[in-house]
Amino acid sequence: MPADRSLVSPDAAEVIALARDFARDELAPRAAEAEEHEQFPRELVRRLGELGFLGISYPEELGGGGQPFETYLQALEELAGAWASVALAVSVHAITCFPLANFGTVEQQRRWLPDMLGGQLLGGYCLSEPHAGSDPAALRTTARRDGGDYVITGTKAWVTHGGHADYYTLFARTSDDGSRGISCFLVPADADGLHVHPPERKMGLTGSTTATIDCDEVRVGADRLIGDEGKGLSIALAALDSGRLGIAAIAVGVAQAALDHAVAYAKTRETFGKPIIEHQGLGFLLADMAAAVLPARATTLEAARRRDRGLPYAREASIAKLVATDAAMQVTTDAVQVLGGAGYTRDFPVERLMREAKVMQIFEGTNQIQRLVIARHLAAE
Ligand SMILES: Cc1cc2nc3c(=O)[nH]c(=O)nc-3n(C[C@H](O)[C@H](O)[C@H](O)COP(=O)(O)OP(=O)(O)OC[C@H]3O[C@@H](n4cnc5c(N)ncnc54)[C@H](O)[C@@H]3O)c2cc1C
């Protein structure tokens, strides 16, 4: 059952309708098999780029779609309900464009941004390292200045699109000055010395490739430094504020899909002579699921509206990520319960949705880290 939406404009209604049709016709029929075989659907992501979804919330003058973030997130939610790995591809790609679109020079933007926002090039976001996930200021990869170049050496972990991306938005240390010693670079995937490990073997989101990348003296021109030297961590965290809203929207899509499957099943499955939805104990479980999805969406869209109005939204983005991903975990777990034994099999999508929900509490800042961010904002107010 499609989510009932109140949208900001006729344009937004068109975007959502396009996302919904693409999700139904192109994603839903392919998701289960591709996830089973751990295949990343690069071609479908390219087509989403052609339809404008990869740069949808970026300004038109930069080559984006000029849509409010609120509209982008609702489109993402539609995609996620059909196939979370594809929605994740859109969301991760969007944050790889963020540093260039917001901190790059006009010349850098002219050179790379059109192909990035148009989806001809796919990006990966390299912030985490094996010993630095929750604490990115501890990252050790170095970028040493050498004449007109930087030489990058180190290991980046958990890179979504690792091995499929055409470029990496990569954060490396240009000085020992703690959180002020990190800088942002745009690194071509085919650079000499860049080596991608075999993909991680994950519990879920198996259609999305996640890999470690070694940089062994990778040489890039100084024109690939994005923003000022030393500003990389604040650029990375600003990108993550937007990214967290993307993850929140994906979590809402996953939760809505689980609820829809559970309700449909509960209307047809009968025990004790009537559909299980008519047993109060189960009806209340479904009611609690519906009562978790709606506030998750509302919290996410409230943060997006603040972003669209130019207001600070970091605290609200963390709250949205926390609320929406916890809701997705609860709702997908309950959906498996509603389907009984069938829910535990791969014949129905709810077990996959449950596996997908779990990682959303972990990446782009675990939910413990979201609480840390929220508490710091409260302390500073
Ligand atoms: C599928 C997947 C895709 C990913 N994609 C990307 C990507 O594209 N780019 C990228 O850069 N990274 C990516 N990541 C990395 C992800 O962001 C990190 O895994 C995450 O930030 C957690 O870091 P960690 O795994 O090192 O856990 P750790 O930092 O080691 O944390 C372990 C546990 O300790 C808790 N913890 C840590 N510090 C605190 C604290 N101060 N207070 C309370 N609890 C704390 C954490 O919440 C967690 O429960 C991805 C991860 C996964 C699983």
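Key figures
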| item | result |
| --- | --- |
| Matching residues, region 70-90, being within 19 Å of Arg5 (Cβ to Cβ) and either in contact with a Phe, Trp or Tyr (Cβ under 9 Å, 6 or more places away or on another chain) or in the same structural domain as Gly253 (by TED's automatic domain parsing) (or both) | Tyr72, Ala75, Leu76, Glu78, Leu79, Ala82, Val90 |
| Failed item, numbered, when Asp347 is tested on (1) more than 19 Å from Leu205 (Cβ to Cβ); (2) more than 14 Å from the ligand (Cβ to nearest atom); (3) within 17 Å of the chain's Cα centre (by Cα) | (3) |
| Subset of region 96-119 [β-branched (Val, Ile, Thr) and surrounded by fewer than 24 Cβ atoms within 10 Å (Cβ to Cβ)] | Thr105, Val106 |
| Condition broken by Glu60, with the remaining ones in (1) surrounded by fewer than 16 Cβ atoms within 10 Å (Cβ to Cβ); (2) in the same structural domain as Thr212 (by TED's automatic domain parsing) satisfied | (2) |
| Matching entry among Ser85, Ser91, Ser57 (being part of a loop (DSSP other than H, G, I, E, B) and among the hydroxyl-bearing types (Ser, Thr, Tyr)) | Ser57 |
| Filter result for Gly81 (surrounded by fewer than 22 Cβ atoms within 10 Å (Cβ to Cβ) and touching a residue at least 12 places away in the same chain (Cβ under 8 Å)) | no |
| Enumeration of residues in region 350-376 that are within 16 Å of the ligand (Cβ to nearest atom), over 29 Å from Ala137 (Cβ atoms) and aliphatic (A, V, I, L, M) | Leu353, Met354 |
| Failed condition for Leu121, given (1) in a loop (DSSP other than H, G, I, E, B); (2) within 15 Å of the ligand (Cβ to nearest atom); (3) closer than 28 Å to Cys184 by Cα; (4) not basic (Lys, Arg) | (2) |
| Only one of Ala291, Ala335, Ala296, Ala379 that is aliphatic (A, V, I, L, M), over 18 Å from Ala238 (Cβ atoms), more than 16 Å from the ligand (Cβ to nearest atom) and without any contact (Cβ under 8 Å) to a residue 12 or more places away in the chain | Ala291 |
| Out of Ala191, Ala157, sole residue that is more than 12 Å from the ligand (Cβ to nearest atom), among the hydrophobic types (A, V, I, L, M, F, W, C) and surrounded by fewer than 21 Cβ atoms within 10 Å (Cβ to Cβ) | Ala191 |
| Of the criteria (1) away from the ligand (no atom under 16 Å from the Cβ); (2) in contact (Cβ under 8 Å) with a residue 60 or more places away in the chain; (3) in contact with a Gly (Cβ under 6 Å, 6 or more places away or on another chain), which one Cys215 fails | (1) |
| The one condition in (1) within 20 Å of Val331 (Cβ to Cβ); (2) surrounded by fewer than 16 Cβ atoms within 10 Å (Cβ to Cβ); (3) among the small types (Gly, Ala, Ser) that Ala292 fails to fulfil | (2) |
| Any hit, region 208-225, residues being in a strand (DSSP E or B) and closer than 30 Å to Asp334 by Cα | yes |
| Complete set of residues in region 175-206 that are touching a residue at least 12 places away in the same chain (Cβ under 8 Å), farther than 20 Å from Arg224 by Cα and under 20 Å from the mean Cα position of the chain (by Cα) | Pro199, Glu200, Lys202, Met203, Gly204, Leu205, Thr206 |
| Sole exception among (1) within 19 Å of the chain's Cα centre (by Cα); (2) under 29 Å from Glu302 (Cβ atoms); (3) away from the ligand (no atom under 16 Å from the Cβ) for Ala84, by number | (3) |
| In region 60-81, the residues that are in contact with a Leu (Cβ under 6 Å, 6 or more places away or on another chain), farther than 21 Å from Glu302 by Cα and outside any loop (DSSP other than H, G, I, E, B) | Leu62 |
| Flag for Ala138 being of a type in the set (Gly, Ala, Ser) and free of Cβ contacts under 8 Å to residues at least 12 places away in the same chain | yes |
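Conditions (1) of a type in the set (D, E, K, R); (2) surrounded by 20 or more Cβ atoms within 10 Å (Cβ to Cβ); (3) touching a Phe, Trp or Tyr at 6+ places or on another chain (Cβ under 6 Å); (4) under 22 Å from Phe69 (Cα atoms), marked per residue:
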{"position": "Ala296", "(1), (2), (3), (4)": "no, yes, no, yes"}
{"position": "Ala303", "(1), (2), (3), (4)": "no, yes, yes, yes"}
{"position": "Ser318", "(1), (2), (3), (4)": "no, yes, no, yes"}
{"position": "Val323", "(1), (2), (3), (4)": "no, yes, no, yes"}
{"position": "Asp334", "(1), (2), (3), (4)": "yes, yes, no, no"}
{"position": "Glu356", "(1), (2), (3), (4)": "yes, yes, no, no"}
{"position": "Ala379", "(1), (2), (3), (4)": "no, no, no, no"}
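The values are calculated or read from the model by the stated rules, or taken from the named source; none is laboratory data. Quick caveat, the model's predicted, so the values are computed rather than measured. Positions of Cβ are generated from backbone atoms using ideal geometry, with glycine treated the same way; all protein chains shown enter the neighbour counts.
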